[in-house]
Every structure is written in structure tokens, then in C-alpha cells.
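Heads up, the thing below is written out as C-alpha cells.
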Amino acid sequence: MVEGGSSDDFERIKLLFYTDRPLFDALLEKLTQALITYFKLQIETGADAIQIFDSWGGIIAGPDYEVASLQWIKRIVAALPDDFPVILYAKGTAPHLTDQAFSGVRVVSIDWTSDLSSVRRNLPSNVAVQGNLDPVLIQTTPEIVAREAGRLLESMRGLPGHIFNLGHGITPRAKLACMESLVDTVTN
């Protein structure tokens, strides 16, 4: 919308944030209201959960994360029905996981750069964690996938509130045999 296409550094929106805060806030206000309307329609038509993807949270300067991103997520969550399951995924935001856990979401999705069992132990028990197998593993071999998924599952044994998932999306070079191995490992 602001970048003109996909972006790795979100330079234009960051410049807008720093140079024209009223315009930035007006844009985020419109996006927030549009997402609230969209999510409510999704809920009315039977969605079981909503996942919010914070695409740029991990590249925002630490002290600015709340005002540039998390405050808008909190407003979305607060506008949805009480206790409706909302999952938040924000790649690269490990320093903000506690703040995310107290944002009203029910699940914090963790990228592969964090030790999931440590994160689980440090977040409130009423917030589940989702993740966090490195998606590049789905390009290796079925044996490596089974070993690493098993290691992740074992690290979470006995800890409540875990949804197994990749630590980010599936890559285009994912191998079907590796996906089969992953499903077999997780479901057995």
C-alpha cells in the first residue's frame, strides 16, 4: 500500500511514521477499522479463530513497537467478541513477546529464532504459543524433518498451550516427502 509492493525493510512506511505521524495514524486508523469490520464478518460467517500477521513488527525500532504496531493490534482485539480466539504472529519480535501476550490475544505465534519452551515458560499460562519449526527444514530430508519436529515436540512435553506450526510460512521449495514426514511426526 505504501511501499508499492512487497518490502524487506519497509522504508517508506517507516519514513512516514517518523516524518508525518498524523498521516501515519490516520492510515492506521482506517486500516484498523477496516480489519475490525472484516474480522467481525469472518466471525459472523463461522470463523473459529482469527490470525493477525504483523508484517513489519520485527523491523520497527524497539521503543516504537507499541505506538507503531501493537496499539493497533490491541484495538482490533478489543473490538472483537470477548474470548474469541485471536492469534498474533509477528516475525522477529522476540523482545516484545510479553507485551504481545498481554495485548488480549489468546495465542502468540513464535518464529523459529526463539526457543519455544523458554518462551512458553515465560509467558502467562492463559496465552498459548504456536510454532515454531524452521520452515527451511521442509526442504531437507524426511529424516531431518522427523528428528527436528520430534525435538521441538519433546521440548514442549508437559507444557500447556502449544499449537505445533512452522515458525513462518511454507517455502516454495518445500518437499512433499518432508511435509508427509512432518504430519506423521506431529500426529503420532
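Values for this structure:
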{"item": "In order through the stretch 5-10: 3J(HN,Hα) via Karplus (6.51 cos²θ - 1.76 cosθ + 1.60), integer Hz, x for Gly, Pro", "result": "x, 5, 8, 8, 10, 6"}
{"item": "Cα gyration tensor, the stretch 11-110 - rounded (a/c under 1.5), prolate or oblate", "result": "oblate"}
{"item": "Under 26 Å between alpha carbons - lysine pairs in the chain that sit 8 or more apart or on different chains", "result": "10"}
{"item": "For Asp54, distant residues with modelled amide H under 5 Å away", "result": "Tyr89, Ala90, Lys91"}
{"item": "Nonlocal amide H pairs with Asp134, under 5 Å, H built at 1.01 Å", "result": "Gly167"}
{"item": "Among Ile50, Ile73, Ile110, residue whose mean-square fluctuation peaks in a GNM of the chain (springs only between Cα atoms under 10 Å)", "result": "Ile50"}
{"item": "Hz values of 3J(HN,Hα) by residue in the stretch 54-69 - Karplus curve (6.51, -1.76, 1.60), Gly and Pro given as x", "result": "8, 5, 10, x, x, 10, 7, 4, x, x, 9, 4, 4, 6, 7, 9"}
{"item": "Local electrostatic count at Val127 - Lys and Arg +1, Asp and Glu -1, tallied over other residues with Cβ under 11 Å", "result": "+2"}
{"item": "Rg(Cα) / (2.2 N^0.38 Å) computed for the chain, rounded to two decimals", "result": "1.10"}
{"item": "Cut-off under 5 Å, modelled amide H: who pairs with Val105 long-range", "result": "none"}
{"item": "Helical mean residue ellipticity (222 nm; -39500 (n - 2.57) per DSSP H run of 4+; nearest 500) of the chain", "result": "-13000 deg cm²/dmol"}
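Where a number appears in this text, it was derived from the coordinates with a stated rule and is not lab data. Worth saying up front: this structure is predicted, and the values here are computed from it rather than measured. Cβ atoms come from the backbone with ideal geometry, glycine included; neighbour counts cover every protein chain shown.
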